[in-house]
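The values are calculated or read from the model by the stated rules, or taken from the named source; none is laboratory data. Please read all numbers here as calculations on a predicted model, not as lab measurements. Note: ideal-geometry Cβ built from the backbone for every residue, glycine included; neighbour counts use all protein chains shown. Keep in mind that these areas ignore ligands, DNA and RNA; they rest on the heavy atoms of the full protein, side chains included. Shrake-Rupley method; radii C 1.70, N 1.55, O 1.52, S 1.80 Å.
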Amino acid sequence: MNRPLKRNRPSPPSAHDVARLAGVSQAAVSRAFTPGASIAEATRARVMEAADSLGYRPNLLARSLIKGVSGLIGIVIGNTRNPFFFVALEELSARLSRAGKHILVYTADGGPTADVQVEDLLRYRVDALLLMSANVSHAMAQRCERDGIPLIFFNRRPVWDLEFASVTGNNATGVAEIAHHLIDQGYRRIAYLGGPIDSPTNQERDNALTQVLAQQGLPPPPRMNGHFVREDAMAAARALLSHSPRPDAIFCATDFLAIAALEAARFEFGLAIGREVGIAGFDDIAEAAWPSFDLTTYSQPVEPMIEKVLDLVLEAADGQPTAQIIVDGELKIRGSTRRD
């Protein structure tokens, strides 16, 4: 039987090859590919022309081994269904690229921790790890601390005694503003549709709602868990709306959950949104402002939040940042909670 001949891949061109063709030193080639390095523009142009003709690309991994830093930032997203995180990821990627950094992105939907994903990222010698609505075990956090790998939490606080940095929206203030708005609109039977009960963000939003209702002499909210999955959110909303007496308002831990609740209320129960049942969310994703949803929500301003994350990532070069940063948002009142 005839077998296809194997073709050996040619060896990639080296910096030495580029230097010889351009008539410069290898140091000049290195400076030409180093952002901000001092090199005459004519020399840089000659190096780039030689590199292009040879098909040369610098080996960033080899450089990282020499410098002791990789320029890589590991990112784990724990909730890929929420559009908020992809907007944040896009903004973060652009900002880090301008800062000369590169990202490796993993997803960790469904598991209690992102230990498997973090373990893999550590093999790439990332300079820092950013967990976006994801968590790691105490043992993995200790390992990162021991190995000098900075951990930064986004939209979630660390849950143990180790000191790691975080950037979150203002959960307490945002939920309080939503709760007072609902009460001002005349809603009195307010329910809560949340995410996983072990999520610190979910707990903060649940506690803030319960506290305001208690202060106003209203009963604790009936609760259901939507798990950040559309089908689960629809089922949770269905269960809440089947209570007797039925809630006249539902605050949802995210806009993603709120949109599912809104559709269940409108299309399965035939309720007039706003007049018969108020629905509010949290995040202010782009879809919240669409006329078909017109969702009242509290914004988590992505650009200021990512700016804080970027500061922490760059600060991580000098050690583990520990700042707990809270970024204020804004209450966006729309038709989903207007009773007139």
Item to check | Solvent-free Debye scattering, log10 I(q)/I(0), computed from the Cα coordinates of region 139-183 at q = 0.21, 0.22, 0.24 Å⁻¹ | outcome: -0.72, -0.75, -0.83
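Rounded to the nearest angstrom and ordered from largest down, what semi-axes does the equivalent ellipsoid of the chain get from its C-alpha gyration tensor (root of 5λ)? Don't jump to the answer; show the numbers that get you there.
Values: eigenvalues 488, 88, 76 Å².
Ellipsoid semi-axes (Å, largest first): 49, 21, 19.
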Checklist entry - At a Förster distance of 45 Å, what's the computed FRET efficiency of I333 paired with M48, Cβ-Cβ distance as r, to 0.05? => result 0.25
Next on the checklist: Between region 68-89 and region 217-236, what is the separation of their alpha carbon centroids in Å?
Outcome noted: 27
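Write down the percent of antiparallel bridges among all DSSP beta bridges whose residues are both part of the chain, to the nearest 5. Numbers along the way, then the final one.
On the way: 2 of 37 bridges.
Of all bridge pairs located within the chain, approximately 5 percent are antiparallel.
What helices does the chain hold that run 18 Å or longer along their axis, going by alpha-carbon atoms, with a Kyte-Doolittle average of 0.5 or more, using DSSP H for the helix calls? If you can, show how the numbers build up before the last one.
Values: long enough: 41-54 (20 Å, -0.28); 83-98 (23 Å, 0.52); 171-184 (19 Å, 0.31); 200-215 (22 Å, -1.04); 302-315 (19 Å, 0.78).
Those that clear 18 Å and a mean of 0.5 are 83-98, 302-315.
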Next on the checklist: I want to verify a result. In a Gaussian network model of the chain, Cα cutoff 10 Å, which of these has the top mean-square fluctuation: P219, P247, P13?
Outcome noted: P13
Checklist entry - Extension gain H243-A289, at 0.36 nm per residue separation less the Cα-Cα distance, in nm? => result 13.7 nm
Checklist entry - Say we join alpha carbon atoms closer than 10 Å with springs in a Gaussian network model of the chain; which of P321, P291, P112 then has the biggest fluctuation? => result P291
Item to check | Counting all C-alpha pairs of region 158-256, share separated by more than 23 Å (%) | outcome: 26
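Can you give the helix-only mean residue ellipticity at 222 nm for the chain, where every DSSP H stretch with n ≥ 4 adds -39500 (n - 2.57) and the sum goes over all residues, rounded to the nearest 500 deg cm²/dmol? Let's see the in-between values first.
Values: 12 runs with 136 residues, N = 340.
Rounded to the nearest 500, the figure is -12000 deg cm²/dmol.
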Checklist outcome for this item: Out of T297, T113, T43, a Gaussian network model of the chain with alpha-carbon springs under 10 Å gives the largest mean-square fluctuation to T43
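Can you give the local net charge around E145? Use residues other than it whose beta-carbon is closer than 13 angstrom to its beta-carbon, Lys and Arg +1, Asp and Glu -1.
Details: positive: R143, R146; negative: D147, D161, E163.
Overall, the nearby charge balance is -1.
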Next on the checklist: At R0 = 45 Å, how high is the FRET efficiency between R95 and A272 if r is their beta carbon distance? Nearest 0.05 is fine.
Outcome noted: 0.60
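Would you please calculate the Kirkwood hydrodynamic radius of region 218-271 over all C-alpha pairs and express it in Å, rounded to one decimal? Write down the numbers at each step before the final one.
Working: mean 1/r = 0.0904 Å⁻¹.
In region 218-271 this quantity evaluates to 11.1 Å.
Output the relative contact order of the chain, whole-number percent, from Cα pairs under 8 angstrom with separation of 6+ residues. Can you show the working numbers first?
Working: 616 pairs, mean separation 50.8, N = 340.
Relative CO of the chain lands at 15 percent.
Whenever you get a sec, compute what percent of the accessible area on the chain sits on carbon and sulfur atoms (1.4 Å probe). Could you put the intermediate results ahead of the total?
Values: 8600 of 16870 Å².
After summing per-atom areas, the C and S share lands at 51 percent.
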Next on the checklist: With the crude spin-label approximation of a point 7 Å out along Cα→Cβ, what separation in nm comes out for R57 versus V105?
Outcome noted: 1.9
Item to check | Förster radius 22 Å - calculated FRET efficiency between A139 and D198, Cβ distance, rounded to 0.05 | outcome: 0.85
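Provide the per residue accessible area, probe 1.4 Å, for region 51-189, rounded to a whole number of square angstrom. List each step's numbers first, then the result.
Numbers: 6420 Å² over 139 residues.
On a per-residue basis, 46 Å².
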